[in-house]
Amino acid sequence: MYTQSFSVGDGQGKSNGPKPVPVISVDDAEKVAAFEQKIADDGRIEPQDWMPEAYRKTLIRQISQHAHSEIVGMLPEGNWISRAPSLKRKAILIAKVQDEGGHGLYLYSAAETLGVSRDKMLDDLHTGRAKYSSIFNYPTLNWADVGVIGWLVDGAAIMNQIPLCRCSYGPYARAMIRVCKEESFHQRQGYESLLVMMRGTEEQRAMVQDAVNRWWWKCLAMFGPPDADSPNSAIGMRYGIKRFSNDDLRQKFVDATVPQAEILGVTLPDPDLKWNEARGHYDYGPIDWDEFWRTVNGDGPCNKERLATRVKADRDGQWVRDAALAHARKRAAREAKEAA
Ligand code: BYC
């Protein structure tokens, strides 16, 4: 754990009186200056470095939500492993879902370097205190949904996550490099499977279009609320955690995806979608933010099901963790005895 002498953490200010004003000693001021300089120089902050409490908290919030999104993100596609249409598609899907589990593990490990325990993060997820990406609270109704998740959901994730490879916190940035490599494979396999379906029967093409119609708007919302309604953006940008705003990334995603949709031969379900010569970007229609917030706040179509599945998986896996710990304890005792 770090000693954060400039800390204005949770425990402080709980009394009824006025919040104590943090006293900045010369020593503290030097630490703040060194931290700020490293951020200004686009350097990396490492776990052993001094950091302001607000930086640590912002990172824990974002990285843990990101980790939760990865492991909850295994569920909508995991539903289709037993129903994949061929051995090849099944093998690809198993590998992809495993990758998402791995991403969750890298990210929980990165968050742990900030002094929060994995048990605490998982407890927050399982009790509904923690957020995870809104996108995983929608159902996967047909096989084309799996392809569309790869193409659009992973495509949106890559757009958001490539800049995180340059995030100011070293362990998060390094985890994201590996995550992005794998996500890019996920996106391509999804797009390829949709290309195959679009060259298939009329019914297959209709399945793809139906899946695109259901996922398109949810993917645009994935980037988070509009910049004007994004309370965390200012601190994320100031500390070099976020490099682009929610709206900028959303626009980049739209601009990159429209030509891909044309090649695929699907229509994106937005009558307002058109190239704006003056802006040099595609214009797009309004996003239903009420629906987004309802889903984020627990009332989406699959929120309850997703959480219940996670809690059950955690409970069912308890004996494995107990056994691993018992084995580790026995081994440590044996080694200590042999060394004595
Ligand atoms: N869903 O101030 P804002 C993946 C929350 S994994 C739910 O803009 P920030 C994948 C936000 O947390 C995808 N909640 O926040 C995995 C905040 O609430 P709190 C996940 C959302 O942090 C498996 C409040 O709204 N990717 O793609 O500056 C298979 C206000 O928002 C959402 C990441 O986590 C949402 N969509 O910006 C396939 C990437 N959006 O915390 C694919 C890392 C916003 O104040 N995270 N909220 O209670 C980020 O880049 C940023 O955290 C966000 C939000 C852009 C998501």
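What follows draws every value from the coordinates through simple rules; no lab data is involved. Just so it is clear, the model here is predicted, and its values are computed rather than measured. All Cβ positions, glycine included, derive from the backbone under ideal geometry; neighbour counts span all protein chains shown.
General observations
- Test: residue in region 194-208 that is within 12 Å of the ligand (Cβ to nearest atom) and closer than 29 Å to Asn142 by Cα: no
- Residue pairs whose Cβ atoms lie under 7 Å apart, separated by 6 or more positions or on different chains, with the first residue in region 172-197 and under 15 Å from Val97 (Cα atoms) and the second in a helix (DSSP H, G or I) and aromatic (Phe, Trp, Tyr), are Val179/Tyr106; Gln187/Trp151; Gly190/Trp151.
- Within region 308-325, residues that are at negative phi reach partners that are part of a helix (DSSP H, G or I) with beta carbons closer than 6 Å, at six or more positions or on different chains, in the pairs Thr309/Leu75; Val311/His126.
- Any hit, region 159-168, residues being within 16 Å of the ligand (Cβ to nearest atom) and within 21 Å of Ile81 (Cα to Cα): no
- Among the numbered conditions (1) touching a residue at least 12 places away in the same chain (Cβ under 8 Å); (2) away from the ligand (no atom under 12 Å from the Cβ); (3) of a type in the set (D, E, K, R), the only one that Asp154 does not meet is (2).
- Test: residue in region 292-310 that is under 24 Å from Ala256 (Cβ atoms), in contact with a helix residue (DSSP H, G or I) (Cβ under 8 Å, 6 or more places away or on another chain) and surrounded by 10 or more Cβ atoms within 10 Å (Cβ to Cβ): yes
- Odd one out for Arg129, checked against (1) of a type in the set (D, E, K, R); (2) within 11 Å of the ligand (Cβ to nearest atom); (3) crowded, with 17+ Cβ neighbours inside 10 Å; (4) within 30 Å of Pro52 (Cα to Cα): (3)
- Residue list for region 142-167, filter: surrounded by fewer than 24 Cβ atoms within 10 Å (Cβ to Cβ) and over 20 Å from Ala256 (Cα atoms): Asn142, Trp143, Arg166
- Verdict on Met207 being touching a residue at least 12 places away in the same chain (Cβ under 8 Å) and surrounded by fewer than 19 Cβ atoms within 10 Å (Cβ to Cβ): no
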